[in-house]
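Asks: Dumping the structure here so I can ask a few things about it.
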Amino acid sequence: MRLSSNDIKNLSKVKRLNLINGVTGIKSANLIGTVSRDGVTNVSIFSSVTHLGSDPALLGFVLRPTKEARRDTYTNILETEEYTINHVFRSATQRAHYTSAKFAASESEFELCGLKEQFIPGFKAPFVRDSKIKMGMRFIEILDIKRNSTRLIVGEIQHLILPDKVIDAGGLVNLEIAESVGVGGLNSYYALEHLASYPYAKTDELPNF
Ligand SMILES: Cc1cc2nc3c(=O)[nH]c(=O)nc-3n(C[C@H](O)[C@H](O)[C@H](O)COP(=O)(O)O)c2cc1C
């Protein structure tokens, strides 16, 4: 099969979004936790969290347009300037998936989707208690993507919480031990298997291929 940009445009909406969401390959599956000014907690699944730089430790995620639908995660981040990013873990894929349903602003997905909250002193936003790898984030800035009215939300890691056993002496994170999962498209979840780790690639240290 070969599709031109016109063919893609002419696909049905659902087929197009499944296809185009799927072709980037495995994406990280994360739950973003926030709290409103009034104290209502919120947690929603996002597959667009990405590394932006390590020093300072910056992560971004892409937020869908806010015109057609209310986005509580976005409103809460603007109100409190804090949020958490929590890896989806194997036993919680279904609960994590259903956090994407359109709940009322007054309802907490934590309660309705069976996920436990966790708070740490001095930080407002809720963590997902049973997620192995989680980060408390401070909101930094928004970059507008004009072509489709999406936004890149940039934040800096303030707290990084993970069990000792998932990182090695050099700081490599083992996602298999953490039981983190990947997501394909918008509704398929994959277990992760560690295949190999290689040293920093140098031209004068090429293996004999
Ligand atoms: C697997 C999956 C990945 C998603 N990734 C994103 C994403 O990267 N950005 C986004 O804006 N919405 C994403 N969504 C949709 C949000 O989860 C959904 O809009 C949710 O209702 C937002 O909740 P909120 O209104 O409480 O912020 C994703 C949904 C699913 C099922």
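Asks: Would it be correct to say that residue 95 is free of Cβ contacts under 8 Å to residues at least 40 places away in the same chain, among the basic types (Lys, Arg) and over 16 Å from residue 45 (Cβ atoms)?
Replies: So residue 95 fails the test.
Asks: Now, a different point. If a residue counts only when it is near the ligand (Cβ under 9 Å from one of its atoms) and not acidic (Asp, Glu), which strands (runs of 3 or more DSSP E) contained entirely in region 39-114 have at least 3 such residues?
Replies: Because the criterion is at least 3 residues that are near the ligand (Cβ under 9 Å from one of its atoms) and not acidic (Asp, Glu), the strands (runs of 3 or more DSSP E) in region 39-114 that meet it are 41-46, 57-63.
Asks: State all residues of region 22-51 that are crowded, with 17+ Cβ neighbours inside 10 Å and not hydroxyl-bearing (Ser, Thr, Tyr); if no residue qualifies, say none.
Replies: Result: 27, 29, 30, 31, 32, 33, 35, 42, 43, 45, 46, 49.
Asks: Looking only at region 21-38, count how many residues are within 18 Å of residue 81 (Cα to Cα) and assigned to a loop (DSSP other than H, G, I, E, B).
Replies: Going through region 21-38 one residue at a time, the tally reaches 3.
Asks: Same structure again: How do the strands (runs of 3 or more DSSP E) wholly within region 125-209 filter down when requiring 3 or more residues that are at negative phi, within 16 Å of the ligand (Cβ to nearest atom) and of a type in the set (Ser, Thr, Tyr): which remain?
Replies: Correct list: 188-191.
Asks: Return yes or no: is residue 5 of a type outside the set (A, V, I, L, M), under 30 Å from residue 129 (Cβ atoms) and either surrounded by 14 or more Cβ atoms within 10 Å (Cβ to Cβ) or away from the ligand (no atom under 15 Å from the Cβ) (or both)?
Replies: no
Asks: As an exercise: evaluate residue 86 against (1) buried (at least 18 other Cβ atoms within 10 Å of the Cβ); (2) farther than 20 Å from residue 36 by Cα and give the number of the one condition it does not meet.
Replies: The number of the failed condition is (2).
Taken together, the values in this text are just the output of simple stated rules run on the coordinates, not laboratory data. Owing to the predicted nature of the structure, the values given are computational and were not obtained by experimental measurement. FYI the Cβ positions are ideal-geometry reconstructions off the backbone, even for glycines, and counts take in every protein chain you see.
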